[in-house]
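The values are calculated or read from the model by the stated rules, or taken from the named source; none is laboratory data. Quantities reported herein were computed from a predicted structural model and do not represent experimental measurements. Note: ideal-geometry Cβ built from the backbone for every residue, glycine included; neighbour counts use all protein chains shown. Protein only, heavy atoms only, side chains kept; ligands, DNA and RNA dropped before computing areas. Shrake-Rupley method; radii C 1.70, N 1.55, O 1.52, S 1.80 Å.
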Amino acid sequence: MAMLSGLKKIFVLTVLMFTTVFTYASTDDHYAQLHEEQLAEEEREFEVSKMIMHHIGDAHEWHLWGPSHGGTSVYLPIVLIDGGLKVFSSSHFYHGETKGHGDHEYIVGEGPAEGYAMMHETIYKLDENGQLHLEDGHPSSEASVLDFSITKNVVSLLMVFVLLILVMFSVAKFYKKNGAVAPKGVAKFMEPIILFVRDDIARPNIEGEKYKKYLPYLLTIFFFIWFSNMLGLIPILGANLTGNIAVTFFLAICTLLITIFSGNKNYWGHIFATPGVPKALLPIMIPIELVGIFTKPFALMIRLFANITAGHIIILALVSIIFLKESAAWGALSVPMALFISVLELLVAFLQAYLFAMLSALFIGAAVEEAHH
Amino acid sequence: MFGSIAAIGAGLAVLGAGLGIGKIGGSAMDAIARQPEASGKIQTAMIIAAALIEGVALFGVVVGLLGLETGVQ
Amino acid sequence: MEIVTPDYGLVFWTGIVFVILLFLLAKFAWKPILGAVNAREEKITEALELAEKTKAEMTALQAQNENLLKEARAERDSMIREAKETATAMVEGAKSKAQEEAEKVMTSAREAINSEKAAAISELKTQVAAFSIEIAEKLVKSELSSADKQKALADKLAEDINMN
């Protein structure tokens, strides 16, 4: 228990550390005036796809409300590795000078961010003339810089982390305190779901007692995805975490690595010498089976990413109708529809977590299955 | 222009997936009506099959997204 | 940032956070939770088994009780029967004894009566004989009071003898 409270202290300290790096900025009158023309233009032609892309993508600021330039946002820390570790607030970008035209518009950093520029939320190094070097409409490879910034999604990730730790530790605490009794409170809510993962995901797919070894992974991945999906649905508080391909990429890689490293003789035998297949066909079969190892987690990655992103896009698109049509009647139509999709997304949030865990269990189960001949 | 063509492709993918998932759902209903006691197992199998089809459809949606993105930039 | 290209920075952070989360949850959450749940399930299974066993024991005990009761009832019945038999036998014995006694008494009474009777008869006979002799004496006295009468008697007697 001492260790538990110690861990809690570390979380609090970490959060405090980040909040000191964040610089909080409310509406800046001077800034707003400077960009008044631009704002007016933006309001006139409301670009749906641009807005949606901005919302489902990652950002270096946590935009709360107000116009996209000059609204209320929390600026997140930027971490660059460029001849040493550089940490500074992203406000040095968002308040900087805008250069370039159209899709190649970029903001030049000031203060500690000098020498860097941000284009479409990606940070590049400027050349000697203070310009972003472009090749075929894209920044050249010389301009790229190692960016390990605490972005909106990373903060969301930490929120899910803290939430999961708090909830699950309190459930564990209940059992530690009361022993093996009927659950109450949070434990009463969480226990059926934990048992669902054990009895309906792990046990039927991984034969024998082997499921016990993989149960912690399956539980963690299920709850991580579920909590992330649910958090992403909350306006203002949520980011499109599981709808980001980097996150689903890592989760899929985990399943892939576990499948490969727990694969037994029988599993590899099925790949390199599929039973019942003539020897002459093996040169065709082996590449197909090998590709199959990678396509399964690839499908996992795309499925989760696309499902969650598609849900966010639909809700945003429905809300956009109001701004496109600028009429109350369309609002009366779009709001109930957005609400309906939001409720549907609650189901999808659970279903996708279930599917990811379920298919992971299925792949692991196939890897550890013993021969039945 | 590419964006709208990709969107048509995504729409076609969704059409196929819709047909596929509809067929799965119908067959599952038939199966449950025939064997109500096995409804749990049928449901699980149905969800997995539907998810696999949906995955394929989402590849189409991702291509559509790529088009959307290219249209923006 | 392109939407379908994994951003290495986020992959890095996801990796770190997820691995730490997996470690912490596995060690401090899943282990105690699953341990407690398993322990509870075992407890329930054990309790159910115990209940089943107790039920079987109860059934056995009940059967035993039934048997005992049956035996007791049979014993009681036999005891009652025996008692009845004894009682009957005793009554019967008493009856026969009483009868015997009565018979004895009756026999002795009859004997006494008989002997009394015989004595009475013999006495009566003796008395009758005495009376007869007296009467005969008186008769003979009167008969033989005169010569005529003596002669008539002699005649008569002679006649009786003749007739015989």
Determine ³J(HN,Hα), in whole Hz, for all residues of segment A:341-353 in sequence, where each value follows from phi through the Karplus function 6.51 cos²θ - 1.76 cosθ + 1.60 and θ = phi - 60°; x replaces Gly and Pro. 5, 4, 5, 4, 5, 4, 5, 4, 4, 6, 4, 5, 5
Between chains C and A, what is the buried accessible area in Å², counting both sides, with a 1.4 Å probe and ligands, DNA and RNA left out, to the nearest 100? 4000 Å²
Of C:A129, C:A98, C:A109, the one that fluctuates the most in a GNM where chain C has Cα springs shorter than 10 Å: C:A129
Residue by residue through segment A:198-210, which ³J(HN,Hα) values in whole Hz follow from phi under the Karplus form 6.51 cos²θ - 1.76 cosθ + 1.60 (θ = phi - 60°), with glycine and proline marked x? 5, 8, 10, 10, 6, 4, x, 9, 10, 6, x, 8, 5
So how much accessible surface do B and A hide from each other in total, probe 1.4 Å, in square angstrom to the nearest 100? 1600 Å²
Residues along segment A:107-154 losing 30 Å² or more of accessible surface when the other protein chains are present rather than the chain by itself (probe 1.4 Å): A:H120, A:D147, A:F148, A:V154
Report the local net charge at A:G115: Lys and Arg +1, Asp and Glu -1, summed over other residues whose C-beta lies under 11 Å from its C-beta. -3
Determine which residues of segment A:250-265 fall in the zone a paramagnetic label at A:M285 would reach in this model, i.e. backbone nitrogen under 11 Å from the point 7 Å along Cα→Cβ. none
Using a Förster radius of 35 Å, what is the FRET efficiency between B:S4 and A:H133 based on their Cβ-Cβ separation? Nearest 0.05, please. 0.60
Candidate lysines - alpha carbon under 19 Å from A:K177, same-chain residues fewer than 8 apart omitted: A:K8, A:K188, C:K27, C:K31, C:K43
Out of the total accessible area of the protein assembly as shown (probe 1.4 Å, heavy atoms of protein only), what percent is carbon and sulfur? 66 percent
Bins of 10 Å from zero: percent of alpha-carbon pairs in chain C: 7, 9, 9, 8, 7, 7, 6, 6, 6, 5, 5, 4, 4, 4, 3, 3, 3, 2, 2, 1, 0
Using a 10 Å cut-off around each Cβ of peptide A:178-189, what is the average number of partner chain Cβ atoms that fall inside? 2
What angle do you read, to the nearest 10 degrees and between 0 and 90, between the alpha-carbon axis of helix A:152-178 and the longest principal axis of chain A? 40 degrees
Using a probe radius of 1.4 Å on heavy atoms only, what accessible surface per residue do you get for chain C? Whole Å² is fine. 79 Å²
In nm, to one decimal, how far is the A:L346 label point from the A:E105 one, both placed 7 Å along Cα→Cβ? 3.8 nm
Can you pull out the GluC sites (Glu not before Pro) in segment A:101-163 whose DSSP state is coil and whose Cβ has at most 10 other Cβ atoms within 10 Å? A:E128
GNM flexibility winner over chain C from C:A94, C:A29, C:A119 (Cα, springs under 10 Å): C:A29
For chain A, the longest principal axis of the Cα atoms and the Cα long axis of helix A:211-232 enclose an angle in degrees, to the nearest 10, of 30 degrees
Taking r as the C-beta separation of A:W65 and B:Q35 and R0 as 60 Å, the FRET efficiency to the nearest 0.05 is 0.65
In deg cm²/dmol and to the nearest 500, what is the mean residue ellipticity at 222 nm of the protein assembly as shown if only DSSP H runs of at least 4 residues count, each as -39500 (n - 2.57), divided by the residue total? -25500 deg cm²/dmol
Subtracting the Cα-Cα distance from 0.36 nm times the residue separation, let me have the gained length for C:A26 to C:E123 in nm, one decimal. 21.1 nm
From other protein chains only, count the Cβ atoms within 10 Å of every residue's Cβ in A:304-310, then give the mean. 5
Give the accessible surface of chain A per residue, rounded to a whole number of Å², with probe radius 1.4 Å and ligands, DNA and RNA excluded. 49 Å²
Among A:K176/A:K212; A:K212/A:K265; A:K99/A:K325; A:K173/C:K53; A:K173/A:K210, which pairs are too far apart, with a Cα-Cα distance over 30 Å? A:K99/A:K325; A:K173/C:K53
Within 10 Å of each Cβ in A:229-236, the average number of Cβ atoms from other chains: 0
Would you please put C:142-154, A:82-94 in order of how densely packed they are, using the mean number of other Cβ atoms within 10 angstrom per residue and starting with the highest? A:82-94, C:142-154
From phi via Karplus (6.51, -1.76, 1.60), per-residue ³J(HN,Hα) for segment B:17-23 in Hz, x at Gly/Pro: 5, x, 4, x, 5, x, 5
Please compute one quarter of the surface area of the Cα convex hull for the protein assembly as shown and express it in square nanometres. 72.2 nm²
Rounded to whole Å², per residue accessible area for segment B:11-71 with a 1.4 Å probe reads 57 Å²
Across segment C:61-164, how many lysine pairs, 8 or more positions apart or on different chains, have C-alpha atoms separated by under 17 Å? Please give the number. 7
